[in-house]
Every structure is written in structure tokens, then in C-alpha cells.
Amino acid sequence: MAESRIPLHVGLIMDGNGRWAKKRLMPRSYGHKSGMNRMIGLAEHAQKVGVKYLTVYTLSTENLSRPREELDGLFGLFRKYFKTNVKKLYEKNARVKVIGNISALPDDVAKLLEESQASSPENADFTLVFAINYGSRAEILNAVNRAIEDGKKLDERGFGSLLYTDGIPDPDLIVRTGGELRLSNFLCYQSAYSELYFTDTLFPDFSDEQFDKALKDYASRERRFGKVQQ
């Protein structure tokens, strides 16, 4: 594909880890571990093909109501990932950003996430954005309340500066694996004109080639942003 047809920013809803594990008669934690490994490989591939921002929906605000055992497993994966893999991203001129309310996470996990952002290279050519304890409605309400507290009347640019995604371009393409056909509270404000791509493939099986297929589908579309078709 021509470089001009590569989406600048891809949002990824990584759905299906639990079902993938269940099909193999394994616990959900096994699916989350496999999904994390796939996400790492996919991020490396996205950078290689020219995507500049990849936002991965890692943990939603609603997910915090899941059983404690499952959440403890997820937090353990965060600890392992950010201790062993983040430096590899830095070496490849990639940076890490986290969006969401991380204050509700275990203290050591929140600290790891904050340190990973702070240590990222400043002029990186790729940004891996983790949406952790993220929900679009909570993000919007937080922005509105901040504006009210400051007594501000905002335009779109000003409102955008109050969102978690300040400084990140809106997603050009949102990909959801696992067969569900919804956004599930993911980047709802930012995705007003995003192209959407859905696949039945469960996330641990979502290969680099399938990601490329989504990019090719995106490249074939005409984005009009409300204008008349030429």
C-alpha cells in the first residue's frame, strides 16, 4: 500500500481472549496471557508497516467488576509486561502512553504505568497507547467537569485538550476482533469519523496478515467526513 493510505492511528479492541482459552479448556488467565503476547507482536508489526499510533483497549472501566482472580491475573500481566518489554519498545524508537483512570489500579501497577510513560523517548516515531481502566463516558464526563470547574466555554479543540487523548490524533481505523459489532465505550468521541473493521477472529489468533487485511480494507475506502462523494 502507498504510505498515504496507511492509517496514522489505529484503535484495537482486543476481544476474545476468554473465549479462546475456553475453547482450549484453559482458564481465562491463559487467554489473557496469549492475548498480551499477540499484542506485543502486533504492535511491532504495526510500527513496521507505518502506523504511527496504536491504541489497545486493555482494560475497560466495566472490566473492573470482573472476578478478583481474573483481575489479579491481568494486573500480574501488566507487571510482567511493563518490567520486561517496555525497554524493548524504547530501543525501537517507540514510546508508551496510558489513557484512563489508573489511580483506581493497585499502587505498584499505577506506578509502573506512570514510570513507563515518563521514561519514553521524546521524539519516538511510534506510540503504543494503552487504554487501561478506560471508558469513553467517564472520560467525557471528566472533561466536562474540568471545564465547569475552570468556568470555560469550549470549542472542539479546547474540549479535546481536556480528554485523556490530548496530543493524540483521532483514530482513522478501529479494529475489533472476536465477532462483536460494537465499540463498547472505546474512544466514542474520538471515533466520530473513524472507519470500523470487525472480524470474527478471536484476538490471540489475530495474525499480522489479518491486521494487514484490515489495513487494505481501510485503504480501499473513501473517507468523506460528511462531504459529497466525488
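The values are calculated or read from the model by the stated rules, or taken from the named source; none is laboratory data. If you're wondering where the values come from, they're calculated on a predicted model, not measured in any experiment. Virtual Cβ from ideal backbone geometry, glycine too; neighbours counted across all protein chains shown. In case anyone asks, the SASA skips ligands and DNA or RNA and just uses the protein heavy atoms, side chains included. Shrake-Rupley method; radii C 1.70, N 1.55, O 1.52, S 1.80 Å.
Of note:
- Summed over the residues of the chain and divided among them, the accessible surface reaches 54 Å² per residue at a probe radius of 1.4 Å.
- Treating r as the C-beta distance of residue 146 and residue 220 and R0 as 45 Å, the FRET efficiency rounds to 0.70.
- Each Cα pair under 8 Å and six or more residues apart adds its separation to the average, and for the range 135-230 the resulting relative contact order is 26 percent.
- For the chain, calculated [θ]222 nm from helices alone, where every DSSP H run of n ≥ 4 adds -39500 (n - 2.57): -13000 deg cm²/dmol
- Cα-Cα over 18 Å, subset of 97/153; 33/80; 52/97: 97/153
- Sequence-distant contacts, meaning Cα pairs under 8 Å at least 6 residues apart, place the relative contact order of the chain at 29 percent.
- Exposed GluC sites (Glu not before Pro) absent - longest run of the chain, DSSP non-H/G/I/E/B, at most 11 other C-beta within 10 Å: 1-121
- Whether the range 56-111 is rounded, prolate or oblate, judged on the alpha carbon gyration tensor where a/c under 1.5 counts as rounded: prolate
- Net charge, residue 44 excluded, C-beta distance under 15 Å - Lys, Arg +1, Asp, Glu -1: +2
- Pairs with C-alpha atoms separated by more than 19 Å, drawn from the list 92/216; 87/213; 23/213; 48/88; 87/216, are 92/216; 87/213; 23/213; 87/216.
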